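Remarks on the structure that follows.
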């Protein structure tokens, strides 16, 4: 199995799952947003570390040296991630998402190797209806708001994957993640739950952007990655776009209060205007909630891990990370 972005939050959990079921896993990651600590964690937990290979570099640079015939399937998770990164580095976001995805799809197509493309709920843009269905029309904000470049670039990735499926018979599955959360996620690039958890553990105010009434649906990463191999093995998913996540919405201010209550923190909630939180180029939407009909019908997907457990497990991982010195993984070819 080839996992691009395997040093990232979702990619490391997926690698762990694949190794646990006996697969050989090759990770390609340039560690621009992925973390070597994640690779260390996977390697320490692997029953057979020899089945786990990590290659440092961008896919477009690494793939020409690999043989497509060595892989049964490809999970393409490498991407620019996080609201803050998108707003502050739009060129990096667009070039990474589009160029790297094109390179991986070309590589997969040479051997018609099944590929799963990680997309995002951001593709729905401002959301014309709720819950959001895979075939909905989309509306994005003005190009003067760099926040929407992520959505547009990931939408182009989806077009590419589906075009390779139609024109070259490439078995491609497109997955739109909705606010995946859990252990190993960090708040550095604007991810809301780890930001809240870290602040609550330290007794700092939890900063809620805007008035906090905007709602999201959070799904534990362990539920999410458990669905991915099943989707790859299901003919009902090939050539299609599928939402993956939970469909129970919670407002951001309610999320902040849940974190404080779950962790027994003395922190308070502080509201921060968007213009103060982000220097420029930000535009938000009120609600993001998936329609899960398609994935339920295709593979019977039912997430089981409650948000309160995700918060507790993330807090435990954050605390352990802060207690011990970070150790860098040794990446080899």
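The values are calculated or read from the model by the stated rules, or taken from the named source; none is laboratory data. What you see is a predicted model, and the numbers here were worked out from it, not measured in a lab. Note that each Cβ is placed from the backbone with ideal geometry, even for glycine, and that neighbours are counted across all protein chains shown.
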Query raised in the report: Taking into account only those residues within region 149-179 that are more than 17 Å from the chain's Cα centre (by Cα) and buried (at least 23 other Cβ atoms within 10 Å of the Cβ), which is farthest from residue 290 (Cα to Cα)?
Result: 170
Report summary line: Reported set for region 5-17 where residues are in contact (Cβ under 8 Å) with a residue 40 or more places away in the chain and either under 17 Å from residue 191 (Cα atoms) or crowded, with 24+ Cβ neighbours inside 10 Å (or both) is 5, 6, 7, 8, 9, 10, 11, 12, 13, 14
Query raised in the report: Can residue 244 be described as touching a residue at least 12 places away in the same chain (Cβ under 8 Å) and farther than 25 Å from residue 173 by Cβ?
Result: no
Query raised in the report: Considering region 218-240 alone, what residues qualify as being surrounded by fewer than 23 Cβ atoms within 10 Å (Cβ to Cβ), under 16 Å from residue 14 (Cβ atoms) and either modelled with pLDDT under 95 or out of contact with any helix residue (DSSP H, G or I) (no Cβ under 8 Å at 6 or more places or on another chain) (or both)?
Result: 223, 232, 233
Query raised in the report: Would it be correct to say that residue 123 is part of a strand (DSSP E or B), touching a strand residue (DSSP E or B) at 6+ places or on another chain (Cβ under 7 Å) and either free of Cβ contacts under 8 Å to residues at least 12 places away in the same chain or buried (at least 17 other Cβ atoms within 10 Å of the Cβ) (or both)?
Result: no
**Report entry** residue 215 in contact (Cβ under 8 Å) with a residue 40 or more places away in the chain and surrounded by 23 or more Cβ atoms within 10 Å (Cβ to Cβ)
**Finding:** no
Query raised in the report: Of these, 85, 17, which one is at pLDDT 95 or above and farther than 18 Å from residue 107 by Cα?
Result: 17
Report task. Look through 27, 3 and report the one residue that is in contact with a strand residue (DSSP E or B) (Cβ under 6 Å, 6 or more places away or on another chain), assigned to a strand (DSSP E or B) and within 22 Å of residue 155 (Cα to Cα). Result -> 3
Query raised in the report: Which of the residues belonging to region 82-120 are at positive phi and buried (at least 17 other Cβ atoms within 10 Å of the Cβ)?
Result: 82
Requested in this report: Could you check how many residues of region 136-159 are without any contact (Cβ under 8 Å) to a residue 60 or more places away in the chain and in a loop (DSSP other than H, G, I, E, B)?
Outcome: 5
Query raised in the report: In region 241-282, how many are farther than 29 Å from residue 302 by Cβ, in a loop (DSSP other than H, G, I, E, B) and modelled with pLDDT of 95 or more?
Result: 5
Query raised in the report: Among the residues of region 196-217, is any assigned to a loop (DSSP other than H, G, I, E, B), closer than 24 Å to residue 117 by Cβ and within 21 Å of the chain's Cα centre (by Cα)?
Result: yes
Report summary line: Of those in region 283-295 that are assigned to a loop (DSSP other than H, G, I, E, B) and either on the phi > 0 side of the Ramachandran plot or under 20 Å from the mean Cα position of the chain (by Cα) (or both), the residue modelled with the lowest pLDDT is 284
Query raised in the report: For region 65-81, which residues satisfy the criterion of being surrounded by fewer than 18 Cβ atoms within 10 Å (Cβ to Cβ) and touching a residue at least 24 places away in the same chain (Cβ under 8 Å)?
Result: 66, 68, 69, 70, 72
Query raised in the report: Just a yes or no: is a residue in region 66-76 at pLDDT 95 or above, part of a helix (DSSP H, G or I) and either within 18 Å of residue 101 (Cβ to Cβ) or in contact with a helix residue (DSSP H, G or I) (Cβ under 9 Å, 6 or more places away or on another chain) (or both)?
Result: yes
Query raised in the report: Does region 49-63 include one or more residues that are modelled with pLDDT of 90 or more, within 23 Å of residue 176 (Cβ to Cβ) and part of a helix (DSSP H, G or I)?
Result: yes
